[in-house]
Amino acid sequence: MSEPILQLERVSRIYDTGKVLVPALQDVDLTVDRGEFLAIVGPSGSGKSTMMHILGCLDRPTSGRYVLDGTPVEELDDDALAAVRSRSIGFIFQSYNLLPRTSALENVATPLAYQGVPRRERLERARAALTLLGLGDRLDHEPTELSGGQQQRVGIARALVTEPAVLLADEPTGNLDSHAGAEVIELFRQLHATGRTIVLITHDLEVAEAADRQVHIRDGRIAPDGRIAA
Ligand SMILES: Nc1ncnc2c1ncn2[C@@H]1O[C@H](COP(=O)(O)OP(=O)(O)O)[C@@H](O)[C@H]1O
Ligand SMILES: [Mg+2]
């Protein structure tokens with residue numbers, strides 16, 4: 001039986017710049033099941049990051065309904081939303097977003113501090129996540145002492161360490177050369193094979209091919225059959 005973990009129902013997000021209204025997402029319906037590996041593909045400006053912000057509870061829909069792991073987010077106040085975000089979502093960013101002058105181990109342990117996990121356990125779990133990603137010999141390295149591909153693996157370890165329901169990656173290979181990018185995509189395949197739910201956002205059709213399902217977005221809309229609208 002498939003079990004929905006993310007559900008968008010007629011979700012729109014309209015930015016109000018004060019001068020114009022920008023409809024960045026329009027009437028988007030999307031269901032992601034537990035254990036799925038989904039790619040959201042579209043050109044620059046199509047609404048991918050807006051969608052990631054909503055899926056990741058960093059932003060709220062202007063209208064429509066978003067149910068995350070059984071919880072309708074519109075019913076949550078900002079503190080409750082932040083708690084759901086911390087528990088349910090592991091973010092992976094194009095530019096890694098690691099803390100500078102901070103070791104890989106401390107970078108990965110940090111999200112656990114927000115969950116009140118004791119320091120000793122934080123460090124143990126961070127070490128385990130980094131070892132899983134092949135960085136067991138780089139625990140004490142700071143971001144500038146790591147390659148781009150290694151920094152992104154630290155970013156993935158940080159996303160995994162809280163055991164989130166969903167990994168949400170926005171252009172995770174965008175700053176990497178093709179070899180390092182392919183390694184990161186292979187890691188996603190392995191994580192998916194061990195049961196992780198992954199939503200991969202990309203403009204790159206070839207990267208999107210790594211996922212089991214592709215949803216195409218253009219001008220803030222998803223084509224009804226999942227293909228690019230004409
Ligand atoms: N904070 C904002 N205020 C106004 N318009 C925005 C804002 N963020 C994004 N947009 C606009 O919304 C549309 C979708 O942007 P975005 O979600 O960043 O697309 P993508 O990630 O696919 O490049 C674009 O037209 C963009 O200019
Ligand atoms: Mg974007």
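Counted by Cβ distance under 12 Å from Arg189, the other residues give a net charge of -3, where Lys and Arg count +1 and Asp and Glu count -1.
For the chain, leaving out every one of the trypsin sites (Lys or Arg not before Pro) that falls in a DSSP loop and has at most 10 other Cβ atoms within 10 Å, the longest unbroken run is 102-230. Considering only Thr202, Val161, Ser49, whose Cα is most displaced toward the positive end of the charge dipole of the stretch 4-222, charges sitting on Cβ of Lys, Arg (+1) and Asp, Glu (-1)? Going by the Cα projections, it comes out as Val161. For the chain, the longest principal axis of the Cα atoms and the long axis of helix 119-132 meet at an angle of about 80 degrees.
Summing charges over all other residues whose Cβ lies under 11 Å from the Cβ of Ser178, with Lys and Arg as +1 and Asp and Glu as -1, gives -4. The alpha carbon gyration tensor of the stretch 74-230 gives principal lengths a ≥ b ≥ c with a/c of 1.5 or higher and a/b no greater than b/c, which makes the shape oblate. Computed 3J(HN,Hα) for the stretch 101-113, one whole-Hz value per residue from the Karplus formula 6.51 cos²θ - 1.76 cosθ + 1.60 where θ = phi - 60°, is 6, 9, 5, 4, 4, 5, 4, 6, 6, 4, x, 6, 5, glycine and proline marked x. Compared with the dominant principal axis of the Cα atoms in the chain, helix 78-88 is inclined by about 60°. Amide hydrogen proximity for Gly90: with H placed 1.01 Å from N in the peptide plane, the residues at 5 or more positions away or on another chain lying under 5 Å are Val166, Leu167, Leu168. The string of couplings for the stretch 12-27 from the Karplus curve (6.51, -1.76, 1.60, θ = phi - 60°) is 10, 9, 10, 7, 10, 7, x, 10, 9, 9, 10, x, 7, 9, 9, 6 Hz, one whole number per residue in order, with x for Gly and Pro.
Helix 178-193: angle to the longest alpha-carbon principal axis of the chain, degrees 0 to 90, nearest 10? The helix 178-193 is inclined about 80 degrees to the chain.
All of the numbers you see were taken from the coordinates with simple rules; none came from a lab. What you see is a predicted model, and the numbers here were worked out from it, not measured in a lab. When we count neighbours, we look across all protein chains shown, and the Cβ atoms used for this are built from the backbone with ideal geometry, even at glycine.
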